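First comes the structure, then the notes that go with it.
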Amino acid sequence: MTRSLVLAAAQLGPIQKAEGRDVAVGRMVRLMEKAHQRGAEVVVFPELALTTFFPRWYEDDISAADHWYETALPSNETAPLFEAARKYGIAFHLGYAEKTPDGHRYNTAAFVSPNGEIMLKYRKVHLPGHKDYDPIRKVQHLEKRYFEVGDLGFPVIRAPVAGHDVNVGMMICNDRRWPEAWRVMGLQQVELVMLGYNTPSLNMDNRGFEAHHLRVEHSHLSIRAGCYQNACFAVATAKAGTEDGHELFGHSIIVNPQGEIMAQATSWGDELIVAEADLGMCELGRTTIFNFARHRRPEAYGRITEQVGSEPPPVWSPGAR
């Protein structure tokens, strides 16, 4: 029996700072309706899908940013998403800022079943940017100020989705650039990786001097390589367009286990892309080139977990072996 799943990436255009959650949620509900019309069974929304990308705004007192965070799901404002999921029988992935009851703050994603049950939660591990105000930057990127490093690792669960049991995992934005994140999930036989991102067109760490086309290329390269090397599908969904005067590059994609792009967004606005995934495709890589049980050599990989920063190699000298 073929295990087939219709996947949708629900790209969002910009959400301006002055717009409330009701605006974003209304747009997302309309995308879920379109997803239902196109037969989608899983819909993936972007990172921080309910608000503007608020880490670009500096607050001396972090508590002044509390209004950007969710303290519970569903809330009154997000309830329409859960109602739409039940109405259409669609599971969905939602990225949001989370503040826990004991005051911890995370960049979080949740995977929600059609009956409104949160099946899996992930908190972003690889936080980019900086913690303090940088006067040299034209745009601040203060994720390290507003979020803590995720404390849940990279979990994978076998979730009931559209009549199938599917091995699902999540990552958020910058995580996609780190092969360790993919491999930890690959070692759990992940079949579907869901990820959302809000990625600017300019790299402020490089003061904006990175070629524009390479920003998209590097994003797609990371996702395609992660899928190929871990024999899984991925739905990578962006926020896009000019948000509060700052450009986000969009280009949401759905990728198969061969690293091929199956669908790609072509606009900078709200856009739904859909692809049908034959989950049996995951078996080819998992049983041949990336048969981990046969070919992995963890005894040779010690540096990956023992070392954080890079360090120079020893200097060669005559007679050295």
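Go through segment 296-321 and give me each residue that's open to solvent by less than 90 Å² (accessible area, probe 1.4 Å) and of a type outside the set (Lys, Arg).
Passing the criteria: Pro298, Ala300, Tyr301, Gly302, Gln307, Gly309, Ser317, Gly319, Ala320.
Please go through segment 103-134 and give me each residue that is polar (S, T, N, Q) and in a loop (DSSP other than H, G, I, E, B), ordered by number.
If the condition is that a residue be polar (S, T, N, Q) and in a loop (DSSP other than H, G, I, E, B), then Ser113, Asn115 are the ones that fit.
How many residues are within 25 Å of His220 (Cα to Cα), assigned to a helix (DSSP H, G or I) and open to solvent by less than 30 Å² (accessible area, probe 1.4 Å) when one looks only at segment 135-173?
2
At least 2 residues that are farther than 27 Å from Asn167 by Cα and out of contact with any helix residue (DSSP H, G or I) (no Cβ under 9 Å at 6 or more places or on another chain) in each: list the helices (runs of 4 or more DSSP H) lying fully within segment 208-304 that qualify.
Ranges flagged: 212-230.
Of Gly116, Gly89, which residue is farther than 18 Å from Pro46 by Cα and open to solvent by less than 30 Å² (accessible area, probe 1.4 Å)?
Exactly one of Gly116, Gly89 is farther than 18 Å from Pro46 by Cα and open to solvent by less than 30 Å² (accessible area, probe 1.4 Å), namely Gly116.
State all residues of segment 240-250 that are within 17 Å of the chain's Cα centre (by Cα) and surrounded by fewer than 22 Cβ atoms within 10 Å (Cβ to Cβ); if no residue qualifies, say none.
Phe249, the sole residue that qualifies.
Going by the structure shown, is Ala8 in a loop (DSSP other than H, G, I, E, B), in contact (Cβ under 8 Å) with a residue 60 or more places away in the chain and small (Gly, Ala, Ser)?
Judged against the criteria, Ala8 is not a match.
Among residues belonging to segment 55-86 that are among the charged types (D, E, K, R) and over 20 Å from Gly103 (Cβ atoms), point out the one that is least open to solvent (accessible area, probe 1.4 Å).
Looking at residues that are among the charged types (D, E, K, R) and over 20 Å from Gly103 (Cβ atoms), I get Arg56.
Please list, ordered by first then second residue, the pairs with beta carbon atoms under 6 Å, 6 or more apart or interchain, first in segment 118-138 and in contact (Cβ under 8 Å) with a residue 12 or more places away in the chain, second of a type in the set (Gly, Ala, Ser) and not in a strand (DSSP E or B).
Met119/Ser113; Arg123/Gly150; Lys124/Gly150; Val125/Gly150
May I ask you to verify whether Leu94 is surrounded by 14 or more Cβ atoms within 10 Å (Cβ to Cβ) and assigned to a strand (DSSP E or B)?
yes
The values are calculated or read from the model by the stated rules, or taken from the named source; none is laboratory data. Not measured: the values here are computed from a predicted model. Using ideal geometry, Cβ is built from the backbone for each residue, glycine included, and neighbour counts are taken over all protein chains shown. Surface accessibility is based on the protein's heavy atoms, side chains included, excluding ligands, DNA and RNA. Shrake-Rupley method; radii C 1.70, N 1.55, O 1.52, S 1.80 Å.
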